[in-house]
Amino acid sequence: MFQIEYTMKIAIACDHAGYELKDYLKNNLQQQNIEVIDYGTNGPESVDYPDFGHKVCNDVEAAKVDFGILICGTANGMAMTANKHENIRCGLCWSPEIATLTKQHNNANVIAIPARFVNKEEGWMITQAYMDASFEGGRHQNRINKIACA
């Protein structure tokens, strides 16, 4: 019998403060046979985080990837950038518990991780917690429906 194999696909990007964490997460994801689209940046030279964050969000909105990961120093800039996209719900995740809840309650399709406030292992635990969680729906969907200003 013919069987279709599904490969999860994730888009990831960072600014200069997050490239080491990005590379660590990318490597760990690829070791789990997850396809990763890396939009950079790839070094410590100062860059403008929106240039990278928008690329990830465009892929998420176009359903080219299952979800996105954004990384910058505080994760605030990336989260603010992401949440300007109409169909993006980006949660700022600084612990595995927050990552779980941002998926369960907010059905986030992008997470933002603060590279200056979590180490690589914590960043990986955050990513895993988000990936292991499922949206609970119900009353949470009603609240999500009220987010848009339009």
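Things worth noting here:
- Qualifying residue in the range 136-149 (condition: out of contact with any Asp or Glu (no Cβ under 7 Å at 6 or more places or on another chain), of a type in the set (A, V, I, L, M, F, W, C), touching a residue at least 12 places away in the same chain (Cβ under 8 Å) and within 26 Å of Pro44 (Cα to Cα)): no
- Qualifying positions in the range 96-150 - under 20 Å from Ile34 (Cα atoms) and touching a Cys at 6+ places or on another chain (Cβ under 7 Å): Ala99, Ala108, Val110, Ile111, Ala112, Ile113, Ile126, Tyr130
- Checked against (1) crowded, with 18+ Cβ neighbours inside 10 Å; (2) more than 28 Å from Cys149 (Cα to Cα), Ile111 meets all criteria but (2).
- Any hit, the range 8-30, residues being in contact with a Phe, Trp or Tyr (Cβ under 6 Å, 6 or more places away or on another chain), in contact (Cβ under 8 Å) with a residue 60 or more places away in the chain and either surrounded by fewer than 18 Cβ atoms within 10 Å (Cβ to Cβ) or among the charged types (D, E, K, R) (or both): yes
- Residues located in the range 36-62, provided they are within 14 Å of the chain's Cα centre (by Cα) and not in a helix (DSSP H, G or I): Val36, Ile37, Asp38, Tyr39, Gly40
- Scanning the range 85-143 for residues that are under 11 Å from the mean Cα position of the chain (by Cα), hydrophobic (A, V, I, L, M, F, W, C) and not in a loop (DSSP other than H, G, I, E, B) yields Cys90, Leu92, Ala99, Val110, Ile111, Ala112, Ile113, Ile126, Met131.
- Gly68 assigned to a helix (DSSP H, G or I) and among the small types (Gly, Ala, Ser): no
Any read-out appearing in this document is the output of simple, stated calculations on the displayed coordinates, not a laboratory observation. Everything numeric here is computed off the predicted structure, so don't read it as measured data. Note: ideal-geometry Cβ built from the backbone for every residue, glycine included; neighbour counts use all protein chains shown.
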